[in-house]
1. Each residue of the range 54-64 in turn: what ³J(HN,Hα) in whole Hz from Karplus with 6.51, -1.76, 1.60 and θ = phi - 60°, glycine and Pro shown as x?
2. The range 55-124 to the range 174-199: how many Å between their Cα centroids?
3. Go ahead and estimate [θ] at 222 nm for the chain from helices alone: -39,500 (n - 2.57) per DSSP H run with n ≥ 4, summed, over the residue count, rounded to 500.
4. Counting only residues 5 or more places away or on other chains, whose amide H sits under 5 Å from the amide H of G154 once H atoms are built in the peptide plane?
5. Longer than 30 Å from Cα to Cα, which of K29/K80; K35/K185; K29/K198; K80/K133; K35/K80 are they? Say none if no pair is.
6. Within the chain, which is the longest segment that contains none of the trypsin sites (Lys or Arg not before Pro) sitting in a DSSP loop with at most 13 other Cβ atoms within 10 Å?
7. So which GluC sites (Glu not before Pro) in the range 107-175 pass both tests, a DSSP loop state and at most 16 other Cβ atoms within 10 Å of the Cβ?
8. Tell me which label goes with the value of Cα extents along the principal axes in Å computed from the coordinates here: [x] 61, 40, 37; [y] 47, 46, 32; [z] 48, 32, 30.
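The values are calculated or read from the model by the stated rules, or taken from the named source; none is laboratory data. Small disclaimer: the values here were computed from a predicted structure and weren't measured. Ideal geometry is used to build each Cβ from the backbone, glycine not excepted, and the neighbour counts take in all protein chains shown. SASA here: full protein model, heavy atoms, side chains in, ligands and nucleic acids out. Shrake-Rupley method; radii C 1.70, N 1.55, O 1.52, S 1.80 Å.
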Amino acid sequence: MYTLYYSPGTASMVVHLALLEIGAPYQLKSVDIEKREQFTDEYLRLNPGGKVPTLIIDGRAVYESGALLTILAERHPEAKLIPAPGTPEREIWLQWMVFLSNSLMSTYRLWFYPQELGHQESPPDIRAAMQRKIESLWERIDAHLAAHGPYLLGEEFSGVDLMVTMLMRWSRNMPRPATEWPAVKRLADLVRARPSWKKLYELEGLTEW
């Protein structure tokens with residue numbers, strides 16, 4: 001039994017999707033980030049960073065969404081969310097996971113939380129620079145998918161496609177949403193058609209995109 005501390009539509013989304021894909025028993029614990037519940041003493045004892053998600057694994061609190069997706073994929077190889085160890089596909093999977101975490105996710109963090117750069121709202125030049133960076137990354141991903149898709153690893157779906165589709169969703173209200181790139185949209189449509197995506201929307205009460 002896993003316990004996922006989550007907030008709808010945040011980075012916990014990819015971990016929840018992985019749990020649904022795996023089919024392992026789990027329970028959900030809501031963290032209301034609007035009420036700043038992620039900064040309560042109780043929650044900070046689990047996750048000192050004050051962020052979601054946190055996943056309880058065998059009584060241990062573990063965090064960082066990319067790490068949690070990797071851990072779940074490795075613990076449940078039958079779900080085929082990650083290629084087998086020692087294969088070129090596994091290396092490419094890890095490459096994409098680190099790329100998405102280090103580039104897109106970290107930039108989105110600053111886009112949505114300008115106070116982490118010391119601003120209530122990002123100055124126009126900084127916001128424009130972040131937008132350009134995010135869009136350049138989608139261009140790179142779209143070029144890869146156009147040449148090697150429809151999934152990030154080619155013909156086969158994997159857990160890293162859950163991560164990139166979650167990040168696509170985060171762009172939905174940006175000046176240029178990720179789904180304006182055709183190969184990216186094709187991948188989004190494939191992932192959004194999966195039962196796990198539809199079930200997550202039902203469980204988390206999501207409606208947009």
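1. Working through the residues one at a time gives 10, 10, 8, 10, 6, x, 9, 8, 10, 9, 6 Hz.
2. 18
3. Details: 9 runs with 105 residues, N = 209.
It lands at -15500 deg cm²/dmol.
4. Amide H neighbours of G154: none.
5. Numbers: K29/K80 26 Å; K35/K185 34 Å; K29/K198 20 Å; K80/K133 32 Å; K35/K80 37 Å.
Pairs exceeding 30 Å: K35/K185; K80/K133; K35/K80.
6. No qualifying site falls inside 37-171, the longest such stretch.
7. When the GluC sites (Glu not before Pro) of the range 107-175 are filtered for loop state and at most 16 Cβ neighbours within 10 Å, E121, E155, E156 remain.
8. After the calculation, the listed value that fits is [y].
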